[in-house]
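Only one structure is covered here, and it is reproduced in the block below.
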Amino acid sequence: MKKGFDIEMLYDVTIIGAGASGMMSGIIASGNGKKVIIIEHREQPGKKILATGNGRCNYSNINQLADNYHCKNKDFVEDVLNQFSQKEMTKFLNENGMLTKEKNGYLYPRSNQAASIRDFLVSLLEKNGVRIMLNTECSDIKKDDDIFNVVCSGNIIKSRSVIVSTGGMTYKKTGSDGSGYKLLEKMGHTIIPPLPALTALYCKEKIFKELKGIRLDGKIELYVDDTKVSEDTGEIQLTDYGVSGIPVFQVSRFAAISLYQKRKVTASVDFLPEIDKKKLNELLYGNDLNIRQKLYGMVNKKLADVILKHTGIDGNMSIYDVKNKQLKILTDTLKNLHITVYATGDYEHAQVVTGGVDINEIHSNTMESKKIKNLYLTGEVMDVDGLCGGYNLQWAWSTGYIAGTNC
Ligand SMILES: Cc1cc2nc3c(=O)[nH]c(=O)nc-3n(C[C@H](O)[C@H](O)[C@H](O)COP(=O)(O)OP(=O)(O)OC[C@H]3O[C@@H](n4cnc5c(N)ncnc54)[C@H](O)[C@@H]3O)c2cc1C
């Protein structure tokens, strides 16, 4: 990595942030012959990439549809994905010697190591002669006629165009601390409040203290002011504070936004989504085992014991001796555990943010700002958030590619 920069040099492109999207832009722009410098305030590039996919980097997903993204204009997402999709990303990796693999639609590097993707991006930047200024904070971007003055750690870098790739504001130790929003707001952009997404839900019910540690396949439905807004199915984790796991992550953005708006957020968990209440009754009455044994045959033992305790049912009883009222509570708990959500995980425990720069202020075909000519935006800094499953990194690659091509 080259150190220092020529203060007199006029760069073609200055990129703020050596994360996923910034490095992609740098590779593409430098590959097109542009003089590129990347400013990164952390001590190494791509720190967040290292944390992705539990250290394995789920870099994309074969099911790239606009529906897998939350954004106020799906055409914007479609325009972006049509220009550089997961197929192009995989081709880009494979053609440059990085093997990849697929598991249930999720795409990973063959090495199973996020570091291999990060190092791969850095090596392409080095090959193309891109300067990466580490430990360098960008604190202001000013425009004088057609030239940008990028203020960073006491110096000014002159550049014909600027790409802001500063990410969101989760896992601050990886560098995305929200400072990009301030830079862009100062330049006239509208920032939709960034809130934690892909995170856990904190619930009021005391029962969670006893359910802590259970993982099971279930369905979560999220309600705002008693209206269902989202649902997902998969492995749910019960914790002492509430619920977590991928299905919970997928619905969490709606909880974050609604709680921010001071609305009522509740959820319901179905521990047996593949069985309707009629079938559940048939199973409960289907043989002469005691009620505890019947529940053990359906759900996690610890869950069964907690449910029996809370319904006041003696597990040794026959189903025919259980009172109707108790049976109703038992089946309701199994099929529809009601939860009152009072918070989501914070920025340090969320994978992405919802919110960011209003996409109405960005051209979808170039990633150029509609407010300032030759200013480009990439990745999570804009108001688009993807589902869990490789969609957010693909957003970074796609927008990074487009900005790098057009800057
Ligand atoms: C724990 C975790 C796991 C994840 N796993 C996955 C996954 O498996 N698959 C997936 O698709 N997505 C995953 N994500 C989300 C994904 O990592 C991000 O959406 C993606 O990295 C965003 O890319 P970006 O380029 O916009 O920002 P980032 O990758 O966050 O990069 C922004 C860069 O800008 C730098 N920067 C910020 N402000 C300044 C400044 N003022 N001056 C200088 N530098 C600055 C930062 O230090 C950082 O290096 C995960 C996120 C987390 C937190």
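What follows is calculated from the coordinates using simple rules that are stated; it is not laboratory data. All values reported here derive from a predicted model rather than from experimental measurement. Reconstructed Cβ throughout: ideal geometry from the backbone, glycine too, with neighbour counts over all protein chains shown.
Remarks
- Placing +1 on each Lys and Arg Cβ and -1 on each Asp and Glu Cβ, with no other charges, gives the chain a dipole about its Cα centre of roughly 660 debye.
- The distance between label points at Asp321 and Thr233 comes to 3.6 nm (points 7 Å beyond Cα on the Cα→Cβ vector).
- Cβ-based charge dipole, the stretch 200-345, positive-most Cα from Thr333, Thr344, Met317: Thr344
- Kirkwood estimate for the chain, i.e. one over the average of 1/r between Cα atoms, Å: 22.9 Å
- Each of Asp67 and Lys277 was given a label point 7 Å from its Cα along the Cα-to-Cβ line. The distance between the two points is 2.9 nm.
- Greater than 22 Å apart at Cα, pairs in Lys204/Lys279; Lys206/Lys279; Lys301/Lys335; Lys206/Lys301: Lys204/Lys279; Lys206/Lys279
- Estimated dipole of the stretch 68-108 in Debye, rounded to 20 [Cβ of Lys and Arg +1, of Asp and Glu -1, Cα centre]: 180 debye
- Taking each of Lys186/Lys373; Lys35/Lys127; Lys172/Lys212 in turn, the alpha-carbon distance tops 18 angstrom for Lys172/Lys212.
- Charge dipole of the stretch 45-174 (Cα centre as origin; +1 on each Lys and Arg Cβ, -1 on each Asp and Glu Cβ, all else neutral): 540 debye, rounded to the nearest 20.
- Entries of Lys34/Lys158; Lys143/Lys371; Lys74/Lys143 with Cα pairs more than 24 Å apart: Lys74/Lys143
- Stretching Lys262 away from Ser139 to a fully extended chain increases their span by 41.0 nm, per 0.36 nm per residue minus the current alpha-carbon distance.
- Our helix-only sum for the chain, with -39,500 (n - 2.57) per DSSP H run of n ≥ 4 divided by its residues, gives a mean residue ellipticity at 222 nm of -9500 deg cm²/dmol.
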